[in-house]
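The structure appears below as structure tokens.
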Amino acid sequence: MLIVMERGASEEQIRTVTERVLALGLRPHPIPGAERMAIGITGNHGPLDPAEFEILPGVQQAIRVTKPYKLVSREVKANDTVVEVGPVPVGGKRLVVIAGPCAVESEAQTLAIARQVAEAGADLFRAGAFKPRTSPYSFQGLGLQGLKILERVRRETGLPIVTEAVDEESMEMVEDHADAVQIGARNMQNFSLLKRAGKSRLPVFLKRGMSATLDEFLMAAEYIVSEGNYRVFLCERGVRTFADHTRNTLDLAIVPAVKHLSHLPILVDPSHGTGRREKVVPLARAAVAVGADGIMVEVHNDPGKALSDGPQSILPGQFADLMRDLRALAGLVGREHG
Ligand code: PEP
Ligand code: MN
């Protein structure tokens with residue numbers, strides 16, 4: 001249910017509505033709009049009666065939300081959400097570029113790459129300190145030591161840090177050291193982790209599961225938002241198909257589909273989406289053309305020696321060229337960068 005307040009409704013009228021919602025054992029979610037305040041209601045297991053709220057002073061209308069995801073849907077909030085990561089806005093007119101290696105491998109490697117991507121115009125730095133690897137024998141990440149290296153990157157380059165948490169323990173550590181927490185494809189339906197992320201003070205970068213439908217993806221985001229953390233931005237990173245010319249099949253069609261149904265920003269990750277260096281730049285351009293709010297791309301200064309995802313990491317020089325392409329493309333699709 002969505003309660004739409006009258007234009008100019010008083011604080012007291014808004015408080016009366018939220019108290020009524022709480023008294024019913026439900027959860028109110030204030031959604032400020034340009035013209036009027038709305039209050040989303042979650043926690044009900046059956047339909048609510050609109051009349052019960054429409055009699056309250058200052059209420060213009062109570063609307064049933066037909067979609068299974070409520071708070072992330074455009075039915076509840078028509079305007080695009082902009083999520084601030086440190087001082088960087090994600091969503092809105094300006095494209096955002098997240099760049100960095102797959103993993104923090106050492107201080108020297110991470111700082112060298114960070115300086116190069118910062119110089120080329122990246123907005124946020126990424127690198128995993130906790131790596132969810134397919135094999136238990138693969139490099140699992142440097143953990144806390146990696147997070148401390150990432151803090152040094154922020155100090156030296158000014159770039160805010162996005163890094164993955166794989167469980168509740170790593171979530172706590174990431175919260176102490178980073179600017180946004182990533183939930184990876186393998187954890188997109190880890191519901192206890194999603195609920196924990198919903199209680200985090202950090203924005204959440206939620207990647208699509210490798211076989212998740214659009215509804216499942218948005219429901220995963222709803223798990224986070226329903227716990228009170230409204231700062232979620234999404235990422236398409238490719239899905240499993242029969243195709244074997246790429247690691248995953250990058251589903252760019254989900255970008256306009258998400259934009260139609262949800263107000264949340266959506267980025268595209270052409271690195272995991274293709275798995276092959278030579279395909280990353282063309283698909284990054286395509287992501288911007290199709291209306292993504294930005295890209296996340298893996299960059300490594302010595303990909304042959306990378307401890308994870310070397311074959312899909314582009315070189316710093318390729319990244320700098322890509323940034324030039326994106327600036328040119330941005331203007332064609334009503335965006336800007338730089
Ligand atoms: C990553 O971003 O390095 C990563 C592990 O991505 P995904 O969860 O999409 O596989
Ligand atoms: Mn990776």
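The residues in region 269-297 that are over 14 Å from Val255 (Cα atoms), open to solvent by less than 10 Å² (accessible area, probe 1.4 Å) and part of a helix (DSSP H, G or I) can be counted, and the count is 3. For region 37-50, state whether one or more residues are buried (at least 20 other Cβ atoms within 10 Å of the Cβ), in a strand (DSSP E or B) and in contact with an Asp or Glu (Cβ under 7 Å, 6 or more places away or on another chain). Within region 37-50, not a single residue is buried (at least 20 other Cβ atoms within 10 Å of the Cβ), in a strand (DSSP E or B) and in contact with an Asp or Glu (Cβ under 7 Å, 6 or more places away or on another chain). Whenever a residue of region 226-241 is within 16 Å of ligand 2 (Cβ to nearest atom), its partners that are basic (Lys, Arg), lying with C-beta atoms within less than 6 angstrom and at least six residues away or across chains, give the pairs Cys235/Lys207; Glu236/Arg208; Arg237/Lys207; Arg237/Arg208. On the given criteria, is Val258 open to solvent by less than 10 Å² (accessible area, probe 1.4 Å), more than 16 Å from ligand 2 (Cβ to nearest atom) and either among the acidic types (Asp, Glu) or in contact with a helix residue (DSSP H, G or I) (Cβ under 9 Å, 6 or more places away or on another chain) (or both)? Judged against the criteria, Val258 is a match.
The values are calculated or read from the model by the stated rules, or taken from the named source; none is laboratory data. What you see is a predicted model, and the numbers here were worked out from it, not measured in a lab. For neighbour counting, all protein chains shown are included, and Cβ atoms are generated from backbone atoms with ideal geometry for every residue, glycine included. Heavy atoms of the whole protein, side chains included, go into the accessibility calculation; ligands, DNA and RNA do not. Shrake-Rupley method; radii C 1.70, N 1.55, O 1.52, S 1.80 Å.
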